[in-house]
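Report on the following structure.
The values are calculated or read from the model by the stated rules, or taken from the named source; none is laboratory data. Nothing here was measured: the structure is a model prediction, and the numbers come from that model. Glycine gets a Cβ as well: all are built from the backbone with ideal geometry, and neighbour counts include every protein chain shown. These accessible areas exclude ligands, DNA and RNA; they are computed on the full protein's heavy atoms, side chains included. Shrake-Rupley method; radii C 1.70, N 1.55, O 1.52, S 1.80 Å.
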Amino acid sequence: MHYLRILLSGMIILGMVGLAQAASDATTDKKSVALTPDKATDKKQKDIIAMAEEFGLIVGPVTEDIRKELNLRSAEGVAVFEVIGDSLAELAGIKVGAVISEINKKPVRTLEDFGRLMAEVLPEGNFTVATWEPTNPENQGQGGQLNFHFVPKRTD
């Protein structure tokens with residue numbers, strides 16, 4: 001698990017550098033009106049990341065390294081790198097190191113699936129998120145468990 005935290009921290013830092021570079025590119029390239037495929041993908045990724053942050057999570061795709069560390073069958077789902085305090089995600093009990101596998105019983109295999117499904121459910125609230133979470137090796141041995149988290153509608 002320690003290796004996973006180091007790996008996830010490195011990925012967050014690399015992601016932040018990438019986002020900063022993309023933001024820099026966006027401010028210096030104001031002459032271009034149409035988005036190239038790479039810039040369209042970057043914008044889509046930024047929108048998904050922003051939506052995840054609105055929910056209260058810093059997330060990323062499950063890479064092969066994460067799959068191996070968590071002993072997953074396949075590199076599918078969305079890895080939770082950080083849970084933002086006082087957020088819907090924290091209220092629902094989602095944990096760092098979890099892998100989001102479903103939203104409202106619909107599979108989440110990629111970051112794009114996550115973004116599409118969050119766009120559907122986040123405005124309404126009252127939805128479920130299924131996460132695979134590794135067990136604590138010191139207490140319960142190797143393995144993991146699927147947990148379901150109810151996300152209530154936020155009221156002001």
Response to the item:
Within region 96-121, residues being farther than 14 Å from Glu133 by Cα, under 11 Å from the mean Cα position of the chain (by Cα), open to solvent by less than 60 Å² (accessible area, probe 1.4 Å) and not aromatic (Phe, Trp, Tyr) number 6
Item to complete: Within region 44-58, track down each residue that is surrounded by 17 or more Cβ atoms within 10 Å (Cβ to Cβ) and of a type outside the set (A, V, I, L, M, F, W, C).
Response: Gln45, Gly56
Worksheet item: Do we have Gly56 as within 23 Å of Phe150 (Cα to Cα) and in contact with a helix residue (DSSP H, G or I) (Cβ under 6 Å, 6 or more places away or on another chain) here?
Response: yes
Practice prompt. Pull up region 9-35, narrow it to residues that are at pLDDT below 50 and either outside any helix (DSSP H, G or I) or among the charged types (D, E, K, R) (or both), then point me to the one that is most open to solvent (accessible area, probe 1.4 Å).
Written response: Lys31
Fill in: Subset of region 134-155 [surrounded by 12 or more Cβ atoms within 10 Å (Cβ to Cβ) and at pLDDT 85 or above]
Asn147, Phe148, His149, Val151
Discussion item. Among the residues of region 112-121, are any of a type in the set (Gly, Ala, Ser), in contact (Cβ under 8 Å) with a residue 24 or more places away in the chain and closer than 18 Å to Asn147 by Cβ?
Written reply: no
Discussion item. I need the full set of residues from region 46-71 which are in contact (Cβ under 8 Å) with a residue 60 or more places away in the chain and closer than 17 Å to Leu122 by Cα, in order please.
Written reply: Asp47, Ile48, Met51, Ala52, Glu54, Phe55
Fill in: Number of positions in region 59-76 that are in contact with a Leu (Cβ under 9 Å, 6 or more places away or on another chain) and open to solvent by 40 Å² or more (accessible area, probe 1.4 Å)
4
Response to the item:
Within region 77-95, of all residues that are in contact (Cβ under 8 Å) with a residue 40 or more places away in the chain and over 10 Å from the mean Cα position of the chain (by Cα), the one surrounded by the most Cβ atoms within 10 Å (Cβ to Cβ) is Ala89
